[in-house]
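To keep things clear, I will list the structure first and then write my remarks on it.
The values are calculated or read from the model by the stated rules, or taken from the named source; none is laboratory data. Model, not experiment: these values are computed from the prediction. Don't worry about glycine lacking a Cβ; one is built from the backbone with ideal geometry, like all the others, and counts go over all protein chains shown.
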Amino acid sequence: MLADDHRMLREGLRRSMSERGFDIVGEARDGAEAVDLAAALQPDVILMDVTMPELDGVEAARAIRERYSNIKVIMLTMHADQDVLAEAIRAGANGYLVKDCSTDEIASAIESVALGETALSPRLAASMLAEVRRGDSQAEAEKVITKREEEVLQLIADGCSTPEVAEQLFISQKTVKNHLASIYQKLDARDRTQAVLQAVRMGIVTLK
């Protein structure tokens, strides 16, 4: 579903996403209409503009995610405004794209978000996510993750393999795998990518 108050942009998105095989089930002209259409149509993913009349995209995303956690929301913004995007993250948005990204990037983001992953525009990067989550979740993170697990996670976020993590921390590969298994369970993650993204959101690690 598309939600944007600019008709030409909606038409362009509809055309380009349809050409890539996506089924556009509806279009909203403002945030209030987006909430109503989301309830009626139950789309898998919504491309949501941040700045819209009646109800802005962040508040619309919050309302939709609170009522329908199965609906994924990707925010589209003209500018990488960290304050606005921080609110979008807290509202439960699953993806964050700047409007000057390519249609291929948008298509890739839709596919990723539909699979339960988080989609980020390269311009927004993980430093913004870390900053948003750090203040709210640092105390919680310290209770959940041990210091050693934090070290393992940071090395994984830096792109290290299991053998490289073992070598840098002077532990066995089996111990690294045990730490990863514990991390997956604590962060409710199924793989390294999900664990790192969750850790970034919580302010445990940062991406370089």
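Which one of the conditions (1) closer than 25 Å to Arg15 by Cα; (2) out of contact with any strand residue (DSSP E or B) (no Cβ under 7 Å at 6 or more places or on another chain) does Asn94 fail to meet, given that it meets all the rest?
With (1) closer than 25 Å to Arg15 by Cα; (2) out of contact with any strand residue (DSSP E or B) (no Cβ under 7 Å at 6 or more places or on another chain) applied to Asn94, the lone miss is (2).
Of all residues in the range 57-69, which are in contact (Cβ under 8 Å) with a residue 24 or more places away in the chain, more than 15 Å from Ala86 (Cβ to Cβ) and not hydrophobic (A, V, I, L, M, F, W, C)?
If the condition is that a residue be in contact (Cβ under 8 Å) with a residue 24 or more places away in the chain, more than 15 Å from Ala86 (Cβ to Cβ) and not hydrophobic (A, V, I, L, M, F, W, C), then Arg65, Glu66, Arg67, Tyr68 are the ones that fit.
Condition (residue is within 16 Å of the chain's Cα centre (by Cα), at pLDDT below 90 and under 30 Å from Gln168 (Cα atoms)) applied to the range 133-150: is it met by at least one residue?
Within the range 133-150, one or more residues are within 16 Å of the chain's Cα centre (by Cα), at pLDDT below 90 and under 30 Å from Gln168 (Cα atoms).
I'm trying to understand the selection: among the residues of the range 160-178, which are outside any helix (DSSP H, G or I), under 18 Å from Val196 (Cα atoms) and among the hydrophobic types (A, V, I, L, M, F, W, C)?
Result: Cys160, single match.
Condition check: surrounded by 17 or more Cβ atoms within 10 Å (Cβ to Cβ) and among the basic types (Lys, Arg). Does Arg15 satisfy that?
no
Is it true that some residue in the range 44-64 is at pLDDT below 90, part of a helix (DSSP H, G or I) and under 15 Å from the mean Cα position of the chain (by Cα)?
no
Read through the list (1) in contact (Cβ under 8 Å) with a residue 60 or more places away in the chain; (2) out of contact with any helix residue (DSSP H, G or I) (no Cβ under 6 Å at 6 or more places or on another chain), then give the number of the only condition that Ser18 fails.
(1)
Based on what the data block shows, is Arg10 in contact with a helix residue (DSSP H, G or I) (Cβ under 9 Å, 6 or more places away or on another chain), more than 15 Å from Ala109 (Cβ to Cβ), in a helix (DSSP H, G or I) and at pLDDT below 95?
So Arg10 fails the test.
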